[in-house]
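Some notes on the structure that comes next.
Rule-based calculations on the coordinates, nothing more; no lab input. It should be emphasised that the depicted structure is a prediction, and the values quoted were computed from it without experimental measurement. Here the Cβ positions follow ideal geometry from the backbone for every residue, glycine too, while neighbour counts run over all protein chains shown.
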Amino acid sequence: MQNAERYLFTVADSTFGAASLRPYLPITLTYQGKSITSSGLLDTGAAVNVLPHELGIELGAVWEQATTPLQLTGNLAQFEARVLIMSAVVAQFNPVQLVFAWTQASGIPLLLGQANFFLEFDVCFYRSQSAFEIRPKDSSA
């Protein structure tokens, strides 16, 4: 991949070794002037980006002011979620707007999913090398 940044997979559980490697991406999120740096799990099976409740609070978001509801599925279907839009920066790339399902679930990872992380970035996984590469979408296409 040209103009790509390469990252190594992260061990999620040392007892399982290589079987627990996960593609976590360092990302800086900004909401209403407040920024935090976190790690997001690249999840090609997630339909949407998911923001854990505690990260939204840390960014200064107020649950009662996020008024657009969103229904999650799977493990998170039991939790209420609301739409939250923010700026995100990955590596040296230009900021992009990401739409998140801000859920009341806690203790879950920040998920980067199809809508709209994978619409903004191209990602190539090299699982046998425990690595992945990422670059912004080709805006000329």
Exercise for the section: List the pair-distance distribution P(r) of the chain, using every Cα-Cα distance, as the percent of pairs falling in each 5 Å bin from 0 up to the bin containing the longest distance, rounded to whole percents. Expected result: 2, 10, 19, 22, 19, 15, 9, 4, 1
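Can you compute the charge dipole magnitude of the stretch 5-136 about its Cα centre, using +1 on each Lys and Arg Cβ and -1 on each Asp and Glu Cβ, nothing else charged? Give it in debye, rounded to the nearest 20. Before the final figure, lay out the partial values.
Working: 6 positive and 10 negative charges, 34 e Å.
So the magnitude is around 160 debye.
Determine the sum of side-chain charges near Gly40: Lys and Arg each +1, Asp and Glu each -1, restricted to other residues whose C-beta is under 15 angstrom from that of Gly40. Please list the in-between numbers first.
On the way: positive: Arg22; negative: Glu5, Asp43, Glu54, Glu58, Glu120.
Once all neighbours under 15 Å are counted, the net charge is -4.
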Handout entry: Within the stretch 82-141: Cβ-based charge dipole about Cα centre, in debye rounded to nearest 20 (Lys, Arg +1; Asp, Glu -1)
Key = 140
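Tell me, what is the FRET efficiency for Trp63 and Thr30 to the nearest 0.05, using R0 = 22 angstrom and their Cβ-Cβ distance as r?
Numbers: r = 19 Å, r/R0 = 0.86.
With R0 = 22 Å, the Cβ-Cβ based efficiency is 0.70.
Add +1 for every Lys or Arg and -1 for every Asp or Glu among the other residues with Cβ under 14 Å from the Cβ of Leu72, and state the total. Intermediate results must be reported in sequence, preceding the final value.
Numbers: positive: Arg82; negative: Asp43, Glu80.
Net charge around Leu72: -1.
Determine the sum of side-chain charges near Glu133: Lys and Arg each +1, Asp and Glu each -1, restricted to other residues whose C-beta is under 9 angstrom from that of Glu133.
On the way: positive: Arg6, Arg135; negative: Glu5, Asp122.
Residues close to Glu133 contribute a combined charge of 0.
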Practice task
Putting +1 on Lys and Arg Cβ atoms and -1 on Asp and Glu Cβ atoms, find which of Thr30, Leu8, Thr67 reaches farthest to the positive end of the dipole of the chain.
Solution key: Leu8
